[in-house]
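One structure is given below, encoded as structure tokens.
The values are calculated or read from the model by the stated rules, or taken from the named source; none is laboratory data. The structure presented is a predicted model; accordingly, all values stated were derived computationally and were not measured. Glycine also receives a Cβ, built like all others from the backbone with ideal geometry; neighbour counts cover every protein chain displayed. All accessible areas refer to the heavy atoms of the entire protein, side chains included, with ligands and DNA or RNA removed. Shrake-Rupley method; radii C 1.70, N 1.55, O 1.52, S 1.80 Å.
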Amino acid sequence: MKKILFLILLFQTYYFAPAQNKQVVDSLQSIIQSTTDDTTKVVTLLSLSKKYQGFNSNKAFEFGNKALLLSQTINFKKGLGDAHNNLGDIYWYSGDFASSSDHYLKALNLFEQLNNKIEIAGCYRNIGWIYFDQNNFKQALDYYNKSLNINIDLNNKMGMGQNYNDIGIIHIHKKEYVEAIENFKNS
């Protein structure tokens with residue numbers, strides 16, 4: 001019985017998810033066509049880029065770069081930071097850590113100018129991922145801890161949970177199991 005339920009859920013996921021995703025993509029593209037507000041276009045282009053991240057990196061890059069260019073054109077710093085962060089994610093998923101790092105650092109610089117602490121914490125976490133993927137656990141921990149400190153100051157519980165989880169994973173890789181368990185408990 002459990003096997004049958006699992007197969008039904010698996011089927012629904014693969015059968016209905018693309019249809020739902022297409023509806024969302026169509027809705028987002030409709031917003032881009034109908035709105036005259038450029039900041040709304042930037043936000044919508046970024047949403048489209050994120051929708052494509054998992055399965056079509058060319059489209060993800062296309063919409064991400066459009067958001068970046070439009071943000072530059074209208075001098076929308078928050079949108080520019082979000083676009084750089086988004087492109088950093090796409091490059092990270094494709095394994096291009098140098099380009100990913102470049103975009104994350106540009107996003108970090110913009111969010112520091114805006115004094116947007118929540119986004120700064122996110123950039124630190126993203127940079128930590130790059131170091132983690134390169135097995136540079138010391139640098140990864142430094143960035144995860146920077147992110148954690150900001151999230152503690154903001155009382156951002158979700159961010160703190162993610163940070164503690166990331167730190168716990170590093171401790172597992174370092175075979176520091178007591179520290180890992182402590183961080184997972186905090187998470």
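Quick notes on this structure:
- Filter result for K41 (more than 15 Å from the chain's Cα centre (by Cα), modelled with pLDDT of 95 or more, assigned to a helix (DSSP H, G or I) and among the charged types (D, E, K, R)): no
- Matching residues, region 155-177, being open to solvent by 80 Å² or more (accessible area, probe 1.4 Å), in a helix (DSSP H, G or I) and in contact (Cβ under 8 Å) with a residue 24 or more places away in the chain: H173
- Among the residues making up region 110-131, those that are open to solvent by 80 Å² or more (accessible area, probe 1.4 Å), assigned to a helix (DSSP H, G or I) and out of contact with any Leu (no Cβ under 7 Å at 6 or more places or on another chain) are E112, Q113.
- Of the residues in region 132-154, none is open to solvent by 40 Å² or more (accessible area, probe 1.4 Å), in contact with a His (Cβ under 6 Å, 6 or more places away or on another chain) and farther than 21 Å from F184 by Cβ.
Residues checked against (1) more than 25 Å from V43 (Cβ to Cβ); (2) of a type outside the set (F, W, Y):
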site: N85; (1), (2): no, yes
site: Y93; (1), (2): no, no
site: A121; (1), (2): no, yes
site: D142; (1), (2): yes, yes
site: I169; (1), (2): yes, yes
site: H173; (1), (2): yes, yes
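- D153 vs. criteria among the charged types (D, E, K, R) and modelled with pLDDT under 95: no
- Any chance I8 is at pLDDT below 80, surrounded by 15 or more Cβ atoms within 10 Å (Cβ to Cβ) and in a helix (DSSP H, G or I): no
- Residues that are part of a helix (DSSP H, G or I) and either open to solvent by 60 Å² or more (accessible area, probe 1.4 Å) or in contact with a strand residue (DSSP E or B) (Cβ under 8 Å, 6 or more places away or on another chain) (or both) were ranked within region 66-90; the one that is nearest to Q33 (Cα to Cα) is K66.
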